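A.B. asks: Below you'll find the structure I mean.
The values are calculated or read from the model by the stated rules, or taken from the named source; none is laboratory data. It should be emphasised that the depicted structure is a prediction, and the values quoted were computed from it without experimental measurement. Cβ sites come from the backbone with ideal geometry, for glycine too, and all protein chains shown count toward neighbours.
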């Protein structure tokens, strides 16, 4: 058992008990956000026939690609939406499973990209969506815009039958914002809390 499996054992059991499609807001501490994100991605991709749409506002595609390679995760099963590489002037050379979005402020582009990513999967029965991170979206967008986007996103994933994980660092969200977003989610989980 990996140390991250032990660290996130409680979250793992809760995820395994969920049925159907779901939307969960995961609130992490800043010191365990990245470990949780890697653990969660590895956990869901260990399922047979699982596919994933990974929207990153926080880390460029190349960083996540390294993680996928290290963990022997089949990249063909992940459609990656990168909202940061163009903003920082990184390499956006064509990659079949990565769509480089214009910027972290292009919320409409996120929705379009998600539909395109979903349509790229042959098997649409076990699809996950990860938003990495809601906290970084708030750096580039107003809280009201982010709330509207999350409402849209959660309803879109429900319609498509996608399991959705929104990851945020708890200290970056106000209590009011957590309360509002929790209305759109099936659960709010504080990661690493007893």
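A.B. asks: Are any of the residues in the stretch 34-42 crowded, with 19+ Cβ neighbours inside 10 Å and either in a strand (DSSP E or B) or out of contact with any helix residue (DSSP H, G or I) (no Cβ under 8 Å at 6 or more places or on another chain) (or both)?
C.D. replies: yes
A.B. asks: Still on this structure, I have one more. What single numbered condition from (1) out of contact with any strand residue (DSSP E or B) (no Cβ under 8 Å at 6 or more places or on another chain); (2) more than 22 Å from residue 162 (Cα to Cα); (3) surrounded by fewer than 18 Cβ atoms within 10 Å (Cβ to Cβ) fails to hold for residue 87?
C.D. replies: (3)
A.B. asks: Which of the residues spanning the stretch 55-100 are at pLDDT below 85, farther than 18 Å from residue 113 by Cα, out of contact with any helix residue (DSSP H, G or I) (no Cβ under 6 Å at 6 or more places or on another chain) and in a loop (DSSP other than H, G, I, E, B)?
C.D. replies: If the condition is that a residue be at pLDDT below 85, farther than 18 Å from residue 113 by Cα, out of contact with any helix residue (DSSP H, G or I) (no Cβ under 6 Å at 6 or more places or on another chain) and in a loop (DSSP other than H, G, I, E, B), then 72, 74 are the ones that fit.
A.B. asks: Answer yes or no: is there a residue in the stretch 147-158 that is touching a residue at least 24 places away in the same chain (Cβ under 8 Å), outside any helix (DSSP H, G or I) and touching a helix residue (DSSP H, G or I) at 6+ places or on another chain (Cβ under 8 Å).
C.D. replies: There is no residue in the stretch 147-158 that is touching a residue at least 24 places away in the same chain (Cβ under 8 Å), outside any helix (DSSP H, G or I) and touching a helix residue (DSSP H, G or I) at 6+ places or on another chain (Cβ under 8 Å).
One line per residue, one yes/no per condition, for (1) under 27 Å from residue 30 (Cα atoms); (2) surrounded by 17 or more Cβ atoms within 10 Å (Cβ to Cβ); (3) at pLDDT below 95:
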| position | (1), (2), (3) |
| --- | --- |
| 122 | no, no, yes |
| 130 | yes, yes, no |
| 134 | yes, yes, yes |
| 142 | yes, no, no |
| 173 | yes, yes, yes |
| 181 | yes, yes, no |
| 187 | yes, no, yes |
| 190 | yes, no, yes |
| 194 | yes, no, yes |
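A.B. asks: Could you please find all residues in the stretch 116-127 being in contact (Cβ under 8 Å) with a residue 40 or more places away in the chain and within 14 Å of residue 156 (Cβ to Cβ)?
C.D. replies: Within the stretch 116-127, 117, 118, 124, 127 meet the criteria.
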